[in-house]
Amino acid sequence: MRAAALEQLYQDFELRGVDMFRGVHEHAADLAEEEDAANTQFTAVLKAATELVTEIDIVKHQMSPCFAPHWHVEALWSSCVAHVCSNHIVQQIGGPDGQNLPDLSITQLLELVAWVEYFRETIEETFPEVASMRNTKKTYFVEERPELFAGDKRTVNMKNATDSLAWVNNMLWEVHRLAQEEFLVRTRSQTDEWLDKVYGSETVKNQSSEGKLTTSLCEDIFSFSSVQLRTIRERLSKKSDALILAVCIILSHMRSKQVHARDNFLQDLETCCAASNDFTRMSEKCEDMISEMMSQCEFSEDMIATLEASSNELMGVYSSDAVYSARSVHIYVFDPIEEEIGIRLFEEDWEEQMVDNDLAISLVRTLEDFHEDLEHYMDDFMVAKGVMSLMSATIIFYAKCLLQRAEKHRNNKRPYFGDVKVALDRMTGDIKVMRDYFEGLVPKMPSLKKNIEKDFEILATIHELMSVAAGFSVSDAEDFILVLQKRVRDVGITKHIVGDLWHLVAPTEERYVWELVESMEEQLVAIAPEDPSLALEVNDRSYVKGLRLDEMAVKLYVKSRRNRPIKATAVESIVKNWSTTWSAGAEELNDEE
């Protein structure tokens, strides 16, 4: 009697599943000629499967207690559900190897992944031993109902039942893997497609009532990414690994696109300011988006660490690019300064007529105008970054104009200046005007203070070396040559700069000073050896060009045609060393060749 009852119960359970899917297929047949029939059927199959899996919990807690424990009613029901559901789902995806998965939409792939995760969670919660059975000894086929009864047919063979559930569980997890891989491939493709569209389209320019410049880039990117992530999140469980993987892929591709596209947004002063504001907002938006997701999901600690690492990388790129954009304003500020002031500095009128340091004052007034623009256009924190770059650029601009005059001066007997003492006094006045301007900004920008001494030390060193060369200072040249070497950390550059300074004010002593620096080479290398990380630094994408003395000097000297009191082979060796470190210098050297 019990054997017959058990068998009948098992058949009834199976019929319940069969009837559920029969209705699905009958409805699908009625819609066969409609364009969306296949999608409708797939959705209906998953819906029916979900309903059957949901009833496992109902059977366990409401039905099973009505029967004797050794009937294992929940095992009978779960086995039928696993058999029937896996059979229909495998048919939908084109077999266990998922041949039809590429034909599914992203939404369908998400729903399939979510269903398998729901099935696995339910089975392993109901039958904990299944969770540890990753490899089952017996093999069952989806088309065949598993044999669950013992030899007398009066009891359920729980080993067979557990094995069958474990096999289906593992088989469906392979389906999950295949569906997840297909979904992630689509996610990559879709993400790249919309990022290409956003970054390739012209952004809408905006200006707030306070004057701050932005574009629509932030909104364009995060409106789409938010929709994409919301769609994924709504269809996967709160602790799905697939959700984390998809989010990390999206963040990774957002980072890659930003890395490659950043410089396209830096075309002039206003676009640099807008980009700096945009990238800052994008970093904040990313942080908000991830925080919201973390608060609404239930990820494992490992997955949280993975997500945090991926989001931190993206936020780091955005924040770094915001600073880079703010610091890059110096390029567009000094374009007009080069044209209007650079060509006149250290010329005859500057030396003889501009007793009030007119060009330095003009330079400072131009910087003041641009500073006002920065305060108007850019966030306060980034304004300070921009002003710091302007200060460094001011020093490099002044030093470059001076060294360019040495290149221009081809007389090896007479100084470049008509009156070296007057020229040195004029330089003292220029340096004071420029330094006073930046020191005047310290009350509003305290962070400037520590950089003022460091940056203006370059000009003070250059001025003192020229004074020593001209005989107006009793300082030892060696002391200031050491100071210069500490700044450039390259003996070849130090030799060239010191030689040029002597060439400007005491050209007949240029050979002497070259020999002096060469005699100090061991000491120079010891006190400030070449920085092995310099090549990495200058080629890093966060490196802002045009703000270092050594970089400026290399760009000048790789193109120099002035005859110096050293062998040509020695110059070639020095230039070769520069070319391996300074990619910009190497490019210009190749252009010359």
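The values are calculated or read from the model by the stated rules, or taken from the named source; none is laboratory data. Since we're looking at a predicted model, the values are computed, not measured. Heads up, the Cβs are rebuilt from the backbone with ideal geometry, glycines too, and the neighbour counts pull from every protein chain shown. SASA here: full protein model, heavy atoms, side chains in, ligands and nucleic acids out. Shrake-Rupley method; radii C 1.70, N 1.55, O 1.52, S 1.80 Å.
Which whole-number value in Å² is the accessible area per residue of the chain, probe 1.4 Å?
Value for the chain: 47 Å² per residue.
As a test of the formula, what do you get for the chain when each DSSP H run with n ≥ 4 contributes -39,500 (n - 2.57) and the sum is divided by the residue count, at 222 nm and rounded to the nearest 500 deg cm²/dmol?
Counting only the DSSP helices, I get -24000 deg cm²/dmol.
Sticking with the crude label model, points 7 Å out along Cα→Cβ, report the distance from Gln207 to Glu348 in nm, one decimal please.
4.4
Here are a few candidate values for log10 I(q)/I(0) by the Debye sum over Cα atoms at q = 0.07, 0.09, 0.11 Å⁻¹: (1) -0.52, -0.77, -1.00; (2) -0.44, -0.73, -1.08; (3) -0.64, -0.81, -1.02. Which one was actually calculated from the structure I just gave you?
This structure yields the entry labelled (3).
Go ahead and run the numbers for FRET between Asp419 and Met294, Cβ-Cβ distance against an R0 of 41 Å, rounding to 0.05.
With a Förster radius of 41 Å, E is 0.05.
Accessible area of the chain with a 1.4 Å probe: how many percent of it is carbon plus sulfur?
Within the chain, the accessible surface is 49 percent carbon and sulfur.
Order the following by accessible area, largest value first: Ser201, Ser240. Probe radius 1.4 Å; ligands, DNA and RNA are ignored.
Ser201, Ser240
What is the angle, in °, between the Cα long axis of helix 73-92 and the longest principal axis of the Cα atoms in the chain? Nearest 10 is fine, range 0 to 90.
60
Between Asn451 and Ser226, what is the spin-label point distance in nm, taking each point 7 Å from the Cα along the Cα→C-beta axis?
3.4
Once both labels are modelled 7 Å past Cα along the beta-carbon direction, what's the Gln62-Glu521 spacing in nm?
Calculated label separation equals 9.2 nm.
Run the 1.4 Å probe and let me know the accessible area of Trp578, rounded to the nearest 10 Å².
Answer for Trp578: close to 0 Å² accessible.
If you stretched the chain out fully between Gln8 and Ser237, how much longer would it get, using 0.36 nm times the residue separation minus the C-alpha to C-alpha distance?
This chain segment gains 78.8 nm when fully extended.
If the chain between Asp356 and Thr50 were fully stretched, how many nm would it gain, using 0.36 nm times the residue separation less the Cα-Cα distance?
101.5 nm is the gain from fully extending Asp356 to Thr50.
If R0 is 60 Å, what FRET efficiency do you get for Glu193 and Asp369 from their C-beta distance, rounded to 0.05?
With R0 = 60 Å, the Cβ-Cβ based efficiency is 0.90.
Determine the distance separating the Cα centre of segment 276-355 from the Cα centre of segment 515-568; give it in Å without decimals.
First find each Cα centre; the distance between them is then 27 Å.
Which order do peptides 457-469, 428-440 fall in by mean Cβ count within 10 Å, highest first?
457-469, 428-440
Go through Ser475, His503, Ser542 and say which Cα lies farthest out towards the positive end of the charge dipole of segment 435-545; charges sit on Cβ, +1 for Lys and Arg, -1 for Asp and Glu.
Comparing the listed Cα positions along the dipole, Ser542 ranks first.
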